[in-house]
Amino acid sequence: MTAAPSTVPDCVLVTGGAGFIGCNLAHRLATQGRRVLILDNLSRAGVEQNLAWLQATHGERIEAVVADLRDRAVVEACVARAQAIFHLAAQVAVTTSLDDPLADFAVNAGGTLGLLEAVRARADRPPLIFTSTNKVYGKLPGISFVADGERYVPRASLLAARGVNEGQPLDFVSPYGCSKGAADQYVLDYARTFGLPAAVFRMSCIYGPHQFGTEDQGWVAHFLKRVLAGEPITLYGDGRQVRDVLFVEDLVDAFLLAEERIDAVRGEAFNIGGGPANATSLHELLDRMPRLIGRKAVLRYDEWRPGDQPWYVSDTQRCTARIGWRPRVGIDEGLTRLARWLGSAEAAPAAHRIAS
Ligand SMILES: NC(=O)c1ccc[n+]([C@@H]2O[C@H](COP(=O)([O-])OP(=O)(O)OC[C@H]3O[C@@H](n4cnc5c(N)ncnc54)[C@H](O)[C@@H]3O)[C@@H](O)[C@H]2O)c1
């Protein structure tokens, strides 16, 4: 372990801060007058636009270190300056993890462990929120589903009404599930074993402005972009898969509440998503398009993808109990706001690149 640096903490560290969620978080923090340090290697296509937008909007409040999470010296220097840490940098796609499991593991598990070591080395440890995923619960073994119209539902009505809580057994599926799940467990264990003030958010499907969604990750933005461009969408599976979608600004609210009330959340994992009120199947979401944006989706179908859950809805009651958080933005409003952003000049270059 390296010696604790003597740097005075002067900013909030957001790893992956140029990405979709990180950019929205950095924007909120800077809007509140806080200095933000972004550590991001800009490996996700399009995110350099997010960084340029943040810097143009907030000037010196946004500082960027363009580097890899696996660079221990850079991570230590960034952590030394952090008043709080939101750890979002990751290899984010299940499909990419299947192509290159070693790289996926090195970034998601190894990178997170390096970050935890840098926090452990500090005498005054800052709050740390880690962005895990509902994929740590795999395909929800032991729960059976039935098709009900255009959606799958669990047979157990209480589960259908409340969603999946944190008592659900872990079951890592796919290299991405394993690497994020390992990181999730390391964060919880560093809280337990070394006393780090750290919490884990197991997040469901997040959507909103600044999301450069593709077929591999960020499906809500991907669907909207395709429909707006009049291009076909390939559905893997039968389109009845259910997700509880959460608008990114609601997630940012939860991040900030968790940081503020870190003693109420430290050492725990929280399922975070739109919850039962914002659960939708892929078909049901697409059915909203004509009404919301005046266009209908053109659909194609292909085989289910590995690790794809037929139904996943978060039970967010633990989060509500600890920090008083509840999602506020409904699906219609969220989709309308995302569609507006996708049609704006901010999104234009990336939208063009993906469409071409
Ligand atoms: N978007 C969702 O629905 C969702 C759901 C569950 C969990 N998550 C998690 O939330 C976090 C943020 O997701 P997002 O949707 O904003 O993804 P994103 O791809 O938009 O953002 C991730 C950022 O990390 C950066 N990055 C990737 N590898 C890096 C590396 N080795 N070093 C430094 N930076 C690197 C990318 O350039 C990108 O800017 C991720 O950890 C993801 O696993 C997201």
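Overview of values
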| item | result |
| --- | --- |
| Neighbours by Cβ (under 8 Å, 6+ apart or cross-chain): first from the stretch 27-55, hydroxyl-bearing (S, T, Y); second more than 14 Å from the ligand (Cβ to nearest atom) and modelled with pLDDT of 95 or more | T31/H58 |
| Residue count for the stretch 217-234, restricted to those that are within 10 Å of the ligand (Cβ to nearest atom) and either among the aromatic types (F, W, Y) or more than 14 Å from the chain's Cα centre (by Cα) (or both) | 1 |
| Flag if D238 is without any contact (Cβ under 8 Å) to a residue 12 or more places away in the chain, out of contact with any Pro (no Cβ under 6 Å at 6 or more places or on another chain) and not aromatic (F, W, Y) | no |
| 3 or more residues within 16 Å of the ligand (Cβ to nearest atom): qualifying strands (runs of 3 or more DSSP E) within the stretch 93-172 | 128-133 |
| From the options D100, D104, D68, residue that is crowded, with 24+ Cβ neighbours inside 10 Å and at pLDDT 95 or above | D104 |
| Subset of the stretch 26-52 (residues that are of a type in the set (A, V, I, L, M, F, W, C) and either near the ligand (Cβ under 8 Å from one of its atoms) or crowded, with 19+ Cβ neighbours inside 10 Å (or both)) | A26, L29, A30, V36, L37, I38, L39, L42, V47, L51 |
| Scan of the stretch 289-335 for residues that are closer than 28 Å to V94 by Cα and among the β-branched types (V, I, T), ordered by number | V298, V313, T316, V329, I331 |
| Condition check for Y190: over 26 Å from A264 (Cα atoms) and of a type in the set (S, T, Y) | no |
| From R240, R261, residue being more than 15 Å from the ligand (Cβ to nearest atom), of a type outside the set (S, T, N, Q) and under 20 Å from Y152 (Cβ atoms) | R240 |
| Complete set of residues in the stretch 71-96 that are of a type in the set (S, T, N, Q) and modelled with pLDDT under 95 | T95, T96 |
| Subset tally (residues that are crowded, with 23+ Cβ neighbours inside 10 Å and small (G, A, S)) for the stretch 178-207 | 6 |
| Residue that is nearest to V200 (Cα to Cα) [pool: residues in the stretch 60-91 that are within 11 Å of the ligand (Cβ to nearest atom) and among the β-branched types (V, I, T)] | V75 |
| Enumeration of residues in the stretch 59-92 that are closer than 18 Å to T133 by Cβ and touching a Ser or Thr at 6+ places or on another chain (Cβ under 8 Å) | L69, F86, H87, L88, A89, A90, Q91 |
| Scan of the stretch 175-215 for residues that are in a helix (DSSP H, G or I) and among the β-branched types (V, I, T), ordered by number | V187, T193 |
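Conditions (1) surrounded by fewer than 17 Cβ atoms within 10 Å (Cβ to Cβ); (2) modelled with pLDDT under 95; (3) assigned to a loop (DSSP other than H, G, I, E, B); (4) at positive phi, marked per residue:
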| site | (1), (2), (3), (4) |
| --- | --- |
| E249 | no, no, no, no |
| A254 | no, no, no, no |
| A258 | no, no, no, no |
| A264 | yes, no, no, no |
| A277 | yes, no, no, no |
| L285 | no, no, no, no |
| R291 | yes, no, no, no |
| K296 | yes, no, yes, no |
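Yes or no, residue by residue, for (1) closer than 22 Å to A147 by Cβ; (2) in a helix (DSSP H, G or I):
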| position | (1), (2) |
| --- | --- |
| G239 | yes, no |
| T280 | yes, no |
| R328 | no, no |
| W341 | no, yes |
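The values are calculated or read from the model by the stated rules, or taken from the named source; none is laboratory data. As the structure is a prediction and not an experimental result, all values here were calculated from the model. For neighbour counting, all protein chains shown are included, and Cβ atoms are generated from backbone atoms with ideal geometry for every residue, glycine included.
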